[in-house]
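The values are calculated or read from the model by the stated rules, or taken from the named source; none is laboratory data. Remember, it's a predicted structure, so these values are computed and weren't measured experimentally. Note that each Cβ is placed from the backbone with ideal geometry, even for glycine, and that neighbours are counted across all protein chains shown.
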Amino acid sequence: MSGYKRFFVQADEVFGNKAEIRSAHNYISRVLRMRIGDKIVLCTQDGNDNLAQIERIDNNAVYCSILQTTLGENESTKDLSLFFGVMKGDKNDFVVQKAVELGVKHIYIFNSRYCVSDVSPNKLERLKKICASACEQCGRSVLPTVEYVDNFQQAVTIALESQNVLFCYENEQTKSFAQSLVDCQSTAIIVGSEGGFSDEEVQLLLNTHAQCVSLGKRILRAETASVFALSVYNALVGD
Ligand code: SAM
């Protein structure tokens, strides 16, 4: 269903072969000025794409008939999570957008000792909007989760729920990221902020089943490291 504008709507807005869209009503009718007869794709977070045709628009909702429902083709079968330290400026926006395009299902932004910013509720809402917009652009059918974890220990605890946990550490001299990838169901990738990790945070991770891995001999910017790691993952074990 490529080529049609894609909207993430509430599950209860699509019922049977009908849809009554309220959540994206303003965007569809006033911003995009879509009209009766236009076709759109409605995603209800169950992995399905619903091809719909606009039948009526009033001040409250956009009313559609569902023409076809198919399983979205662009979701990965793998459960990939990215954990990255809060960065300054709009670098968090950039990494969230790239993580979506690279198939990440769960995005955790964590605070750690050398982070100089945090993620307010308003900033988190904005990151979720960037996530949804990136999903619409790249044709995904399920919105990844985007969460802020204020406590590093808690972020590590969540990451360790994955089968393979890759702790990207610039002082790692031997084990490479690529060699540490395993073709398993769930993988978590951990990347530090601009200031990196404190000794205590490194020690905490080394005392777990996380693999401490190198992304090469150069020190990458935090945002580069996330994109690089996700790209290598996709190239070698992603789908
Ligand atoms: N200690 C770094 C420095 O001297 O600039 C600061 C951290 S670096 C800018 C940001 C993060 O990217 C690191 O915490 C690490 O997770 C990841 N990273 C950067 N280069 C890396 C490399 N060569 N190998 C593994 N991880 C790397």
Qualifying strands (runs of 3 or more DSSP E) (wholly inside the stretch 131-216; at least 3 residues being among the β-branched types (Val, Ile, Thr)): 145-149, 186-191
- prompt: Hey, does the stretch 144-163 have a residue that's closer than 30 Å to VAL41 by Cα and among the hydrophobic types (A, V, I, L, M, F, W, C)?
  reply: yes
- request: Considering each of ILE66, ILE21 in turn, give the residue that is surrounded by 20 or more Cβ atoms within 10 Å (Cβ to Cβ), β-branched (Val, Ile, Thr) and over 30 Å from TYR233 (Cα atoms).
  value: ILE21
- prompt: Somewhere in the stretch 205-223, is a residue within 30 Å of GLN45 (Cα to Cα) and not hydrophobic (A, V, I, L, M, F, W, C)?
  reply: yes
task: Check VAL41, VAL62 and return the single one that is within 18 Å of GLN137 (Cβ to Cβ), at pLDDT 95 or above and of a type in the set (A, V, I, L, M, F, W, C).
output: VAL41
task: Please go through the stretch 26-51 and pick out each residue that is more than 30 Å from GLY238 (Cβ to Cβ) and in a strand (DSSP E or B).
output: LYS39
- request: Find all pairs meeting these conditions: Cβ atoms under 6 angstrom apart; at least six residues apart or on different chains; first residue within the stretch 198-219 and among the β-branched types (Val, Ile, Thr); second residue more than 9 Å from the ligand (Cβ to nearest atom).
  value: THR208/LEU160; VAL213/LEU166; VAL213/LYS175; VAL213/SER180
task: Looking at (1) within 10 Å of the ligand (Cβ to nearest atom); (2) closer than 13 Å to GLY85 by Cα, find the lone condition where PHE177 falls short.
output: (2)
